[in-house]
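Chemist: Below is the structure I would like to discuss, written out as structure tokens.
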Amino acid sequence: DGSELVEANNFVQATQPQPSPKMTGVAEGRNLIVVTLESLQSFVIGSEMKDQTVTPFLNSLTEDEDTIYFPNFYHQTGLGKTSDSEFLLENSLYPLGGGAVFFTHGGNTYNSMAESLGEEGYFTAVQHANSKSFWNRDLMYQSLGIDKFYDVESFTVEEGQAVNWGMKDIPFHEQSVAQMAEMQQPFYSRLLTLTNHFPFYLDEEDKFITEYDSGSSTLNRYFQTARYLDESIKVLFDELKEKGLYENSVIVMYGDHYGISENHNGAMAQYLGKEVTPYESAQLQRVPLFVHIPGYGEGHVDEEIGGQIDLRPTILNLLGVDAEKDLQLGGDLFSEEHEEFVIFRDGRFVTEDVIYAGNICYDAETGEETDSTLCEPYIDRAFEELGYSDSVINGDLLRFYNEKTGQLIEPENTEE
Ligand code: GP9
Ligand code: MN
């Protein structure tokens, strides 16, 4: 029934921050390249492991004049892993708490970022060297209005070019940029990387650093695959420059979810030099976000606390696309009004003042347990917000929403 949709929309309109006027349209008309950094967590950025730099190229971007780097950005995925991060990005809605929404609600109506950009004349694509039905992508991408899915069949995987789940990131980026060079411009393409994925194996020639030494062979190898992913991003940038695509593009890169689960807390504690409490564990859900705008010149580190739900509103504002009436739960990260309140899919949350994890309310600054009444209003808000998201998805309510006018569509008018 329409009341759930009206309530959800009222909530969105009441809480939605005004996008930053300063950032509106700074990348208008450019190609949009979104890179999903597989399993990359923020703790490796700017870090050393046995005197070796883990992510030299990404580190250089944190100081780059054309890049805004967000160190306090969190993933909000659930069981759907990469696909949940794609869902958050495209829809600015939360994934589901049960199974992967790509599977359970792949046939819904969505007002995705791909659709919005398609209406602005963009060609929209996803490039990912895995089989097309993985995570039900072939079907879901139709629902998301993505024009073309370059799946594994679009790539030539030579002998020695595959590891872990498939094609290695370096040849993947080389071939992806060659494909981009053939796309109609402007385009919006998403590249899903794959090498930095459990079990984090590498061929000898792809190991640029040595392993870590801990009781977790998974964590030990993770640094090496993260280093390989970093190298592959450098290759991506070089290829874009070589093909003349770089200057007229904006490149957004984000980590999709954690790579090191809580099963490795002992080894993580050794690396971090502190115990992994629920408070630390929540902070380990930070994933890097880079917004790279060639020629921008005002790059900086932005400490704003945000999450994947904020990607779409942030990006659409950069491209100068009006999303005022969109039914979306995130907000522009550059907005002065953006609220520092990140809700995890499992109900944990992070604000400037408190972190709620393991049913404990922590002081965000000190990590000490604090008065639970400081968390209570946020617990209610988190429950409410996740509830609106769930009702929109479970009821397939976007069928009845016109995001141009902000009006409801009467159910009888939706019949074909
Ligand atoms: C597979 C890739 C990785 O296509 O998305 O899957 P993940 O396990 O990270 O969701
Ligand atoms: Mn993933």
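The values are calculated or read from the model by the stated rules, or taken from the named source; none is laboratory data. From a predicted model like this one, the values you see are computed outputs, not experimental measurements. When we count neighbours, we look across all protein chains shown, and the Cβ atoms used for this are built from the backbone with ideal geometry, even at glycine. With ligands, DNA and RNA removed, areas are computed over all heavy atoms of the protein, side chains included. Shrake-Rupley method; radii C 1.70, N 1.55, O 1.52, S 1.80 Å.
Chemist: Once you've got the Cα coordinates, tell me which of Lys81/Lys241; Lys50/Lys207; Lys81/Lys132; Lys207/Lys243 are over 20 Å apart.
Modeler: Lys81/Lys241; Lys207/Lys243
Chemist: Tell me which of Pro21, Asn265, Ala162 sits at the most positive position along the dipole axis of the chain, charges placed on C-beta atoms (Lys, Arg +1; Asp, Glu -1).
Modeler: Checking the options against the dipole of the chain, the answer is Ala162.
Chemist: OK, next. Given a 1.4 angstrom probe, what's the average accessible area per residue across the chain, in square angstrom?
Modeler: Ligands and nucleic acids excluded, the result is 40 Å² per residue.
Chemist: Sticking with this structure for a sec: Please report the base-10 log of the normalised intensity I(q)/I(0) for the chain, using a Debye sum with one equal scatterer per alpha carbon and no solvent, at each q in 0.09, 0.13 (1/Å).
Modeler: Relative scattering, expressed as log10 I(q)/I(0), comes to -0.52, -1.16.
Chemist: Follow-up. Rounded to the nearest 500, what is the 222 nm mean residue ellipticity of the chain from helices alone, with -39500 (n - 2.57) per DSSP H run of 4+ residues and division by all residues?
Modeler: Details: 12 runs with 131 residues, N = 416.
So the calculated ellipticity at 222 nm is -9500 deg cm²/dmol.
Chemist: May I pose another question? Return a whole-number percent for the relative contact order of the chain, with Cα pairs under 8 Å and 6 or more residues apart as the contact set.
Modeler: It rounds to 28 percent for the chain.
Chemist: A further question on this structure: So if the hydrodynamic radius of the range 64-126 is defined as the Kirkwood radius over C-alpha pairs, what does Stokes-Einstein give as its diffusion coefficient at 37 °C and 0.692 mPa s, in µm² per second?
Modeler: Roughly 245 µm²/s, to the nearest whole number.
Chemist: For the ranges 52-60, 206-214, 225-233, what's the packing order if you count other beta-carbon atoms within 10 Å of each residue, average per peptide, and put the highest first?
Modeler: Ranking, from highest mean packing down: 225-233, 52-60, 206-214.
Chemist: Also, quick follow-up: Among rounded, prolate and oblate, which fits the range 236-392 when a ≥ b ≥ c are the square roots of the eigenvalues of its C-alpha gyration tensor, a/c under 1.5 means rounded, and a/b larger than b/c means prolate?
Modeler: oblate
Chemist: Right, something else. Pick from Glu336, Glu28, Glu324: which is most flexible by mean-square fluctuation in a GNM of the chain where alpha carbon atoms under 10 Å apart are linked?
Modeler: Of Glu336, Glu28, Glu324, the Gaussian network model singles out Glu336 as fluctuating most.
Chemist: Between the range 317-384 and the range 236-265, how far is it from one alpha carbon centroid to the other, in angstrom?
Modeler: Centre-to-centre distance over Cα atoms comes out at 25 Å.
Chemist: Same structure, new question: How big is the charge dipole of the chain about its Cα centre, in debye rounded to the nearest 20, if each Lys and Arg gets +1 on its Cβ and each Asp and Glu gets -1 on its Cβ?
Modeler: Here the chain has a charge dipole of around 920 debye.
Chemist: So how do 256-267, 88-99 stack up, highest first, on mean other-Cβ count within 10 Å? Could the numbers behind the result be given before it?
Modeler: Details: 256-267: 18.2, 88-99: 23.0.
Those peptides, ordered most packed to least, come out 88-99, 256-267.
Chemist: Let me ask another. Rounding to the nearest 20 debye, state how big the charge dipole of the range 241-300 is about its Cα centre with +1 on each Lys and Arg Cβ and -1 on each Asp and Glu Cβ.
Modeler: About 100 debye.
Chemist: Oh, and also: Please sort by residue number the trypsin sites (Lys or Arg not before Pro) in the range 9-67 whose DSSP state is loop and whose Cβ has at most 16 other Cβ atoms within 10 Å.
Modeler: Lys22, Lys50
Chemist: Give a residue-ordered list of calculated ³J(HN,Hα) values for the range 143-156 (Karplus: 6.51 cos²θ - 1.76 cosθ + 1.60, θ = phi - 60°; whole Hz; x for Gly, Pro).
Modeler: Listing the rounded values in order: 5, 8, x, 7, 5, 8, 10, 7, 8, 4, 5, 8, 10, 9 Hz.
Chemist: Taking K and R as +1 and D and E as -1, what net charge do the other residues with C-beta under 13 Å from the C-beta of Ala14 add up to?
Modeler: Details: positive: Arg381; negative: Glu7, Glu337, Glu339, Glu384, Glu385.
Summing Lys/Arg as +1 and Asp/Glu as -1 gives -4.
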